[in-house]
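Report on one structure; see the data block that follows.
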Amino acid sequence: MSAATIAPGMPTGVEIVRTLLATRGRLRTQHLYALGLAGWPTETVIKPLPPQPLHILDAKGEIKMRRAYNVRGGMAPWRPKPEAPYPDHPFQSVKFFKGRILSALEERNLIRKVLTRVPLETPADKAEALAKAVKITRRRQRNLALTPEVGLGKGFRLQKAERKIWEAKVYSLPVERVEPEMTKTEYAWEVCGMTVEAERDALQKAGFARVNVAPRKTEVETEDMIDRDEMGTSTGQVIPLTPDILSTDHLENVLQTESLPTQLRPDPTKEAPLPRALPVESPLIQATSLVLSHPSIASRWRSAAQAERSFNEVVEHERREIDIRRQQRRDMYKQMKEDRKVKQAEKYRDELEGRPDLLQKVEKFYGNRDGAEKVWKGESFTRGAGW
């Protein structure tokens, strides 16, 4: 990923993550990334960069190739190193956001990933839940049809018309129907930093119980918990809330779907709308504010933000050094090319010195231009003419 220059006046990615988690409690990685881009837009967020070309043309107008031993012919189109889609934003790209910012905060024990259950919001998720409930109900009806009391059998080796009659009888059997599950489990990020005992004591002093957070589990354990319905539920009223950590008075207005850039607007049929801020009296927000207000935790967040600034400064310094070395190398090659042309011109001038007839033809073709450039172009002309 190429080095980038962060837009001046932009907060660090750590500060953006802290602000979003302080007002929304728990957020998925995709929501953190989308809200960070939409709440603090830069020039490349508003006007995205053009997509990178699939191939590059060289000076001759041909596709620039590279050696590739795993393709037929041993050559493949050369492609430049991929660049970040938002180089002037602290998040830069999803890979940088997950690999640099979130991983660094997790290593510092400032955020953690938890497993939560959230309500379904998109039509696609609701249709999938309904289809799953119908599938389980019909499986129960088919199992009931195998019992000796009903005796409808499995319905194998039946003609098309008989199969329809069998399905009508089986799927009308009275069984306990499964209601569709209108919630789903997903991983989300939340702030942390204190031990479980210290956090429990602090929350008890504040007058409310600790938020029930499920630890991170594997996919198999997650499916078992879903079958036993052991997952917790996280709900809350949605109202605008402006944090004081950053100047984001217009944040909630910017996050309206109509104000978002086109590439950041969620598809209502496939994606749920971006989460809004939770009320101040929400237990999750109170627990988050209590953790962030702790002096040691606040100091560690400031240290993480300063580490990100230092990293950006180092990256910017390296980028400037690379640009300087590239320019020096270009100037060196340009000077070498000019010196080579001068030497060749001197050589051709010596060769044409004893050929006045040829020199007269060259001067007549190119005019009365003096200097090494005339002789250099004249030699090219004489070679093309076969002299």
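What does the highest-first list of 13-20, 47-54, 140-147 look like by mean Cβ count within 10 Å? Could the numbers behind the result be given before it?
Numbers: 13-20: 24.6, 47-54: 9.9, 140-147: 15.1.
Put in order of decreasing packing, that is 13-20, 140-147, 47-54.
Which whole-number percent is the relative contact order of the stretch 66-121 (Cα, under 8 Å, 6+ apart)? Don't skip to the end; give the middle numbers.
Numbers: 23 pairs, mean separation 7.9, N = 56.
Relative contact order for the stretch 66-121 comes out at 14 percent.
Tally Lys and Arg at +1 and Asp and Glu at -1 over the other residues with C-beta under 13 Å from the C-beta of LYS334: what net charge comes out?
Numbers: positive: ARG326, ARG329, ARG330, LYS337, ARG340, LYS341; negative: ASP331, GLU338, ASP339.
Charge balance near LYS334 sits at +3.
Cβ neighbours within 10 Å, averaged per peptide: list 333-343, 109-119 in order, most packed at the top.
Output ranking for 333-343, 109-119: 109-119, 333-343.
Want the number for LYS169 to PHE156: 0.36 nm per residue separation, take away the alpha-carbon distance, what's left? Once the chain is fully extended between LYS169 and PHE156, it gains 3.2 nm.
Put simply, when 273-280, 180-187 are sorted by average Cβ atoms within 10 angstrom per residue, most first, you get 273-280, 180-187.
Label sites at ASN109 and THR137, each approximated as a point 7 angstrom past Cα along Cα to Cβ, lie 5.0 nm apart. Placing dummy labels 7 Å off each Cα toward the beta-carbon, the span from MET332 to MET10 is 3.3 nm.
Which of the trypsin sites (Lys or Arg not before Pro) found in the stretch 56-106 are in a DSSP loop and have at most 12 neighbouring Cβ atoms, other than their own, within 10 Å?
Working: sites: LYS60, LYS64, ARG66, ARG67, ARG72, LYS95, LYS98, ARG100; in loops: LYS60, LYS64, ARG72.
When the trypsin sites (Lys or Arg not before Pro) of the stretch 56-106 are filtered for loop state and at most 12 Cβ neighbours within 10 Å, LYS60, ARG72 remain.
With R₀ fixed at 56 Å, the C-beta to C-beta distance from ALA127 to SER303 puts the FRET efficiency at about 0.75. Under the definition of Cα pairs under 8 Å and six or more residues apart, what whole-number percent is the relative contact order of the stretch 121-181? It rounds to 49 percent for the stretch 121-181. Here the label points at GLU83 and HIS294, each 7 Å from Cα along the C-beta direction, are separated by 4.3 nm in the simple model.
Values quoted throughout were computed directly from the atomic coordinates according to the rules given, and no laboratory measurement underlies them. Predicted, not measured: the structure shown is a model, and the values here were computed from it. No Cβ is skipped: glycine too gets one built from the backbone with ideal geometry, and neighbour counts run over all protein chains shown.
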